[in-house]
Amino acid sequence: MSYTVKLTDDVVRKLSGYRLSTNDVREIRAGLNALGSHPKRLLIRVGPPYDAMQYDLVITGSGTPRRDSLYSFTVRYGADEDTLFVVDCELIVEHRPPLT
């Protein structure tokens with residue numbers, strides 16, 4: 001079963017504030033499409049204080065310096081049981097030293 005994935009306005013504002021590269025936007029869209037197709041495989045349950053699900057997406061940049069970006073999306077199932085709502089998003093960036 002495939003789900004529709006919808007971002008709340010707050011999540012859209014957060015993502016816009018991150019000033020994402022075209023590649024990151026493309027990778028996030030692909031990741032959210034994969035989430036809609038395989039939520040049981042990609043979501044993990046997170047506990048208190050919220051009863052929610054989490055989807056983590058790591059994107060490795062190709063620029064210099066290399067960096068890994070971890071996008072952590074908080075997801076809730078819609079009452080219609082056909083929609084996944086992304087209600088929060090956090091970004092952690094780690095710069096990696098050059099490969100020698």
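The values are calculated or read from the model by the stated rules, or taken from the named source; none is laboratory data. What you see is a predicted model, and the numbers here were worked out from it, not measured in a lab. Positions of Cβ are generated from backbone atoms using ideal geometry, with glycine treated the same way; all protein chains shown enter the neighbour counts. For accessibility, only protein heavy atoms count, side chains too; no ligands or nucleic acids. Shrake-Rupley method; radii C 1.70, N 1.55, O 1.52, S 1.80 Å.
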In whole Hz and in residue order, list the ³J(HN,Hα) couplings for the range 30-45 that follow from phi through the Karplus curve 6.51 cos²θ - 1.76 cosθ + 1.60, θ = phi - 60°; x for Gly and Pro. 5, x, 5, 5, 5, 4, x, 7, 9, x, 5, 7, 9, 8, 10, 7
Could you do me a favour and compute the accessible area per residue for the chain, 1.4 Å probe, result in Å²? 68
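May I ask you to work out the translational diffusion coefficient for the chain at 20 °C, viscosity 1.002 mPa s, via Stokes-Einstein with Rh from the Kirkwood sum over Cα pairs, reported in whole µm²/s?
Values: Rh = 14.4 Å.
Here the translational diffusion coefficient equals 149 µm²/s.
Which of the GluC sites (Glu not before Pro) across the range 14-100 are loop residues per DSSP, with 11 or fewer other Cβ within 10 Å?
On the way: sites: 27, 81, 90, 94; in loops: 81.
When the GluC sites (Glu not before Pro) of the range 14-100 are filtered for loop state and at most 11 Cβ neighbours within 10 Å, 81 remain.
At a threshold of 8 angstrom on Cα-Cα distance, excluding pairs fewer than six apart, so keeping six or more, what relative contact order does the chain reach in percent?
On the way: 153 pairs, mean separation 30.2, N = 100.
The value is 30 percent.
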Label-point separation, residue 77 to residue 25 (7 Å along Cα→Cβ), nm: 3.3
222 nm [θ] for the chain, helices only, -39500 (n - 2.57) per DSSP H run of 4+, per residue, to 500? -8500 deg cm²/dmol
Of 55, 18, 77, which is the most mobile in a GNM of the chain whose springs link Cα atoms less than 10 angstrom apart? 18
Which of the trypsin sites (Lys or Arg not before Pro) found in the range 13-75 are in a DSSP loop and have at most 14 neighbouring Cβ atoms, other than their own, within 10 Å? 19, 66
Just for the chain, what percent of DSSP beta bridges are antiparallel, to the closest 5? 85
A 1.4 Å probe over the protein heavy atoms gives the chain a carbon and sulfur accessible-area percentage of 52
Distance in nm between pseudo-label sites at residue 54 and residue 9 (7 Å out along the Cβ direction from Cα): 2.8
